[in-house]
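Trainee: Structure in structure tokens, see below.
The values are calculated or read from the model by the stated rules, or taken from the named source; none is laboratory data. This one's a predicted model, so the numbers in the text were calculated from it and none came from an experiment. For neighbour counting, all protein chains shown are included, and Cβ atoms are generated from backbone atoms with ideal geometry for every residue, glycine included. Note: areas computed on protein heavy atoms with side chains; ligands, DNA, RNA excluded. Shrake-Rupley method; radii C 1.70, N 1.55, O 1.52, S 1.80 Å.
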Amino acid sequence: MSLPTKILMGLVAGLVVGLIANLSGIEQLQTLIGGLQPFGTAWIRLITMIVIPLVVASLLVGTASLGDLRKVGRIGGKTLVYYMTTTAIAVTIGLVISQIIEPGSGIDPATRDALSAELTGQAQGSMLLAAEKPSTVETLLNMIPRNPVAAAANMDLLPLIVFTIIFGAAVATLQEDRKNAVLNFFNGVNDASMVVINWVMVLAPYAVFALISAIVATFGLDLLRSLITYALVVVLGLALHVAVTYSLAARFLAGLSPLAFFKSIMKAPLIAFSTSSSNATLPVTMETAEDEVGVSKQVSSFVLPLGATINMDGTALYQAVAVMFIAQIYAIPLGFGAQLTVVLTATLASVGAAGVPSAGIITLIIVLQSVGLGDQVEVGIALILGVDRILDMLRTSVNVTGDITASAVIARSEGEVLAPAVSVSR
Ligand code: ASP
């Protein structure tokens, strides 16, 4: 049995066991299954601990072997344009479908107030975190690390990426023997990181089982019921974005057969679903893009770490739906101008959001404020918090799928030949 199949089985088994525990109403059983969480967390740590060595080593080798700075600039420019464009498309899809389906108009004010009363305490936690969010100028300045080791220690990927690219470009200018000494070392670090990933991945199906069953046993489906239309609109939007935007990009920009492509990369979105973190999934994302899609290390080591931090189509789409939902609940009309603001701020907010669980709900506050829903923030967040865990899992899967699709598009645009198994035969 292949690894993705095993992971999928772990996921389904976790869902079933979690549901049984939750619906049985037996408290001991719920506690027992909920107690599996630490095993899942242990696995997330095992895979996360390899992110820094992997990103530094592969990006450094990647940049240094690109040779000249112009190529770095070209790939960087294309990647940014592609990422921003697909994210803006995702936001637009979110806005359009929530306009058509109007998920917020079905909720009566009594349910609204009851739900928000229940969850306002938790929402305040997110509010406090959002208040600490730096301004735009600070965000830009923060991309330049004062100390790359500190950036690595804090898992601040963006400043670390900036440093590593500059350093890699410098290595490229050295004399052959010096350059090779550095590259040999980091190639070794990179290969060893991949070995660790393969070891950790053997445990993935069990970890996925532990994570999913614990979540379902604890939260159950109760909360989902009252917010089902909202959740379904997000799910529909995410599905459309994958089925239309990514399929078209894969087919026409990367020359891939969309179905074969999605099937071959399944492992990465499954891990993203189970961990709710693009960062934690990054090692798997890179391995999948290289081994299954045939993207070169040069491109994957550049496009994917960047994508894990700045490309979050799923998150941006979800924010668009959430903004419309909250506005509809309060019957506050959002005109064309306001929606354009949502496209802009949600795209930028997804750049600013870190690839960690629940990052999206924190940056959502910025988007809400930008369209004058500042007074509704607390109650609005409280309302959607109940289903946020499951939506986080789904949007993270989309974020990661978007990153891999981008790596294929960029690789192809650089003239690379992708894996025959996923390519359209010519
Ligand atoms: N969990 C998401 C990610 O890591 C971010 C978010 O939407 O909360 O990609």
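Trainee: HN-Hα J couplings of the stretch 183-191 from phi, Karplus 6.51/-1.76/1.60, θ = phi - 60°, integer Hz, Gly and Pro as x?
Mentor: 5, 4, 4, 6, 4, x, 4, 4, 5
Trainee: Continuing with this model, one more query. So, in nm, how far is label A243 from label A421 when the simple model puts each one 7 Å beyond its Cα toward the Cβ?
Mentor: It works out to 2.6 nm between the two label points.
Trainee: Express in nm, to one decimal, how much length is gained between A42 and T139 on full extension, taking 0.36 nm for each residue of separation and deducting their alpha carbon distance.
Mentor: Numbers: separation 97, 0.36 × 97 = 34.92 nm, distance 3.12 nm.
Gain on extension, A42 to T139, equals 31.8 nm.
Trainee: Here is a follow-up. Each label point is 7 Å from the Cα along the Cα-to-Cβ direction; what then is the distance between the points at E414 and E176, in nm?
Mentor: A separation of 2.4 nm, rounded to one decimal place.
Trainee: Roughly what angle does helix 3-24 make with the longest principal axis of the chain, taking Cα atoms, 0 to 90 degrees, to the nearest 10?
Mentor: Helix 3-24 and the main axis of the chain meet at about 20 degrees.
Trainee: On each of the three principal axes of the Cα atoms of the stretch 39-90, give max minus min coordinate, whole Å, ordered largest first.
Mentor: 44, 33, 8 Å, listed from the longest principal axis down.
Trainee: Right, something else. Give me the extension gain from L344 to D191: residue separation times 0.36 nm, minus the current Cα-Cα distance, reported in nm with one decimal.
Mentor: Contour length minus Cα-Cα distance gives 51.1 nm.
Trainee: Still on this structure: How large, in percent, is the carbon and sulfur part of the accessible surface of the chain at a probe radius of 1.4 Å?
Mentor: Working: 12330 of 18180 Å².
Of the solvent-accessible surface of the chain, carbon and sulfur hold 68 percent.
Trainee: Now, a different point. Among M324, M312, M155, whose mean-square fluctuation peaks in a Gaussian network model of the chain (Cα, cutoff 10 Å)?
Mentor: M155
Trainee: Pull up all non-local amide H partners of N142: gap of 5 or more, or a different chain, and H-to-H distance under 5 Å with H placed in the peptide plane.
Mentor: Hits under the 5 Å cutoff: none.
Trainee: Sequence gap at least 6, Cα distance under 8 Å: using those rules, report the relative contact order of the chain to the nearest whole percent.
Mentor: Once normalised by length, the contact order is 31 percent.
Trainee: While we're on this one: From Cα pairs below 8 angstrom and at least 6 apart in sequence, can you work out the relative contact order of the stretch 238-336, rounded to a whole percent? Don't skip to the answer; put the middle values down first.
Mentor: Numbers: 49 pairs, mean separation 19.8, N = 99.
RCO, the stretch 238-336: 20 percent.
Trainee: I've got another one for you. From the P(r) of the chain, can you give the percent of Cα pairs sitting at distances over 34 Å? Display every interim value, and only then the final one.
Mentor: Details: 27736 of 90525 pairs.
In whole percent, the share of Cα-Cα pairs in the chain beyond 34 Å is 31.
Trainee: How big is the charge dipole of the chain about its Cα centre, in debye rounded to the nearest 20, if each Lys and Arg gets +1 on its Cβ and each Asp and Glu gets -1 on its Cβ? Could the numbers behind the result be given before it?
Mentor: On the way: 20 positive and 25 negative charges, 185 e Å.
The dipole of the chain has a size of about 880 debye.
Trainee: Can you tell me the length gained on complete extension of the stretch F252 to Q369, counting 0.36 nm per residue apart and subtracting the Cα distance?
Mentor: Separation in residues times 0.36 nm, less the Cα-Cα distance, equals 38.4 nm.
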